[in-house]
Amino acid sequence: MARKFIVGGNWKCNPASAKEANSLLKEWKKGLPNVDKSKVDVVICPPALWMSTLAPSIEGLGMEVCSQNVGKTDAGAFTGEWTAGNLLDLGIKWTLIGHSERRTKYGETDADVAEKVGKCQDIGVNVILCIGETLEEREGGKTDEVNKRQLGAVIPKVKDWDKIVIAYEPVWAIGTGKVATPDQAEETQAAIREYLKSAVSAAVADKVRIQYGGSVTPENCAELITKPNIDGFLVGGASLKPSFMDIVSKVG
Ligand code: PEP
């Protein structure tokens, strides 16, 4: 099955001001004619406070807004949280869940991630589920085991796999400048797809899109995207530059 590519730009807590964010979006507009929207979906994850204000500009570029996170609860006494329903209410149809910074800096467990995915499935929000191993785990030969554990926690919550994208993001590659080699990424992502086949079904394994994330740049993306199990990228640092459009163009 031909899977449509998907590229995400995860801005994290950047840039420093909304003014800079608007300038970046204006720069992107210049590169837009190169993007074939029938071949690639592009989602942008700005800081939460700007999701609504930047949405018209992002959507004007043919891209969609994606939250960086979502709560695991429904509406109620949960100070500082937002729900999957809040996202839909704002017209936001996508969220990341389980980014390694949420897991390592905010103590999110596999169970938390699964609950969040469940809430999004209940209401129809698309999820980019981030999974991936640490350097220690890779060096200990535990890469596939970790990915299976993180993905396996979520599988019971998923009823609609059309609303799930997996982002394989080795923690050692995130923000470090140390990109996985195309062969490393392909081998791991093929194993993730194989696991989906055995744990869910061949049809699901075939259709679920798996992004690679971790120090992707305009320079290294062209070779990565030639690999059959890499269906796009989740991009952090390089998504804060005008040249992010080059990544999108090379994929699409
Ligand atoms: C990320 O934060 O998801 C990420 C992949 O970051 P970077 O591209 O900067 O490594």
Inset, instruction - Output the number of the condition that Ile225 fails; it satisfies all remaining conditions of (1) more than 23 Å from Lys12 (Cα to Cα); (2) surrounded by fewer than 18 Cβ atoms within 10 Å (Cβ to Cβ). - result: (2)
Inset, instruction - State which residue pairs qualify: first residue more than 9 Å from the ligand (Cβ to nearest atom) and inside the stretch 216-241, second residue acidic (Asp, Glu) and assigned to a loop (DSSP other than H, G, I, E, B) in any location, beta carbons under 9 Å apart, and separation of 6 or more residues or different chains. - result: Ile225/Asp231
Legend entry - Selected residue (criterion: surrounded by the fewest Cβ atoms within 10 Å (Cβ to Cβ)) from residues of the stretch 83-103 that are of a type in the set (S, T, N, Q) and more than 12 Å from the ligand (Cβ to nearest atom): Asn86
Inset, instruction - Answer yes or no: is there a residue in the stretch 179-202 that is buried (at least 18 other Cβ atoms within 10 Å of the Cβ), farther than 19 Å from Gln68 by Cβ, more than 16 Å from the ligand (Cβ to nearest atom) and of a type in the set (Gly, Ala, Ser). - result: no
Legend entry - Residue ranges of helices (runs of 4 or more DSSP H) in the stretch 10-109 with at least 2 members closer than 25 Å to Gln121 by Cα: 51-60, 84-89, 100-105
Legend entry - Residues being surrounded by 13 or more Cβ atoms within 10 Å (Cβ to Cβ) and either within 19 Å of Leu224 (Cα to Cα) or within 16 Å of the ligand (Cβ to nearest atom) (or both) - total across the stretch 1-35: 14
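Values in this text are rule-based calculations from the coordinates and carry no lab data. Worth saying up front: this structure is predicted, and the values here are computed from it rather than measured. As a convention, Cβ positions derive from the backbone with ideal geometry for all residues, glycine included, and neighbour counts pool all protein chains shown.
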